[in-house]
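The values are calculated or read from the model by the stated rules, or taken from the named source; none is laboratory data. If you're wondering where the values come from, they're calculated on a predicted model, not measured in any experiment. Cβ sites come from the backbone with ideal geometry, for glycine too, and all protein chains shown count toward neighbours. Each accessible area value is taken on the protein alone, full model and side chains, heavy atoms only, with ligands, DNA and RNA left out. Shrake-Rupley method; radii C 1.70, N 1.55, O 1.52, S 1.80 Å.
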2 protein chains.
Amino acid sequence: MTQLTPEESRFLARAVALSRKHMHQGAGGPFGAIIVRDGKVLAEGWNEVTSTNDPTAHAEINAIRKACRQIGDFSLSGATLYTSCEPCPMCLAAAYWARVDRIVYANTRIHAAVIGFDDQHIYDEVAREPGDREIPMLHVPSEEARAVFEEWLGKADRVEY
Amino acid sequence: MTQLTPEESRFLARAVALSRKHMHQGAGGPFGAIIVRDGKVLAEGWNEVTSTNDPTAHAEINAIRKACRQIGDFSLSGATLYTSCEPCPMCLAAAYWARVDRIVYANTRIHAAVIGFDDQHIYDEVAREPGDREIPMLHVPSEEARAVFEEWLGKADRVEY
């Protein structure tokens, strides 16, 4: 199950090369990613959290955003995400929302933890019940908020995603 | 535990108002969020997935990105995220990376499921082992990728986040 074609191996190596290059250039953490569909690279991304002051600017998020801009569609159905490290929960969930077909990764969340990144910790937190998390979560039911959801269902020209 | 001060109630109501306004204007799904610190609104966000072709453009992600741009920092430590609906795993993890202090929400992932959104499904998927998910995940260990992580530790001027 860890067999890649030579072309696929080159795609993963490209994600790793991006992680090295942009980390050394000071863009952010050591992470790179690319999005490929039908043998074509739709977009490349790398971590830019600290250089752009954007905590969501992970390699995978950046690659997904760029790829979607590139093709003018919010769906990346049929695409593969190659990433130098197992996606964190934010990036994994983004891959689900983007409807990618497959994810190929090199380092794991365990390796990320060793060099100081919180991926495993956030996986643990996301799996907890909202009331049991480190970040306090307060659920305040709202009739108004429920009504907006009803209005969504009643919106004839809504675009689903 | 569901008690908010009048000011906090107004912040949550504002997030709900944003969800309604921008949904009706066609920006995307019925979701709104704001980031507040020290009683000041740092940023407002709303779902723009379908209008901007960006599957990551959820209300909370947009609000976090804007708030960080506003203050010129990748940390929102000390801030509260008010959102019209319980964050999906992408947005919840983003809140962790952004180091917010608290999350207040109105609708839940169950309500979101009723109107057609995948939040609960993605929570289930994120909690699974990588090999057991609907999106196939292929782990391909790479010496090169491991080396880049070592280089991160050796980078004297690295900025941690």
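Data table
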| item | result |
| --- | --- |
| Matching residues in the range A:13-49 - criterion: being without any contact (Cβ under 8 Å) to a residue 24 or more places away in the chain and more than 21 Å from B:Cys91 (Cβ to Cβ) | A:Ala13, A:Ala17, A:Arg20, A:His24, A:Gln25, A:Lys40 |
| Residue among B:Glu144, B:Glu134 that alone is without any contact (Cβ under 8 Å) to a residue 12 or more places away in the chain and outside any helix (DSSP H, G or I) | B:Glu134 |
| Single residue of A:Ala94, A:Ala106, A:Ala112 found to be in contact (Cβ under 8 Å) with a residue 24 or more places away in the chain, within 23 Å of B:Asp54 (Cβ to Cβ) and small (Gly, Ala, Ser) | A:Ala94 |
| Of all residues making up the range A:107-161, the number that are of a type in the set (Gly, Ala, Ser), open to solvent by 20 Å² or more (accessible area, probe 1.4 Å) and in contact with a strand residue (DSSP E or B) (Cβ under 6 Å, 6 or more places away or on another chain) | 1 |
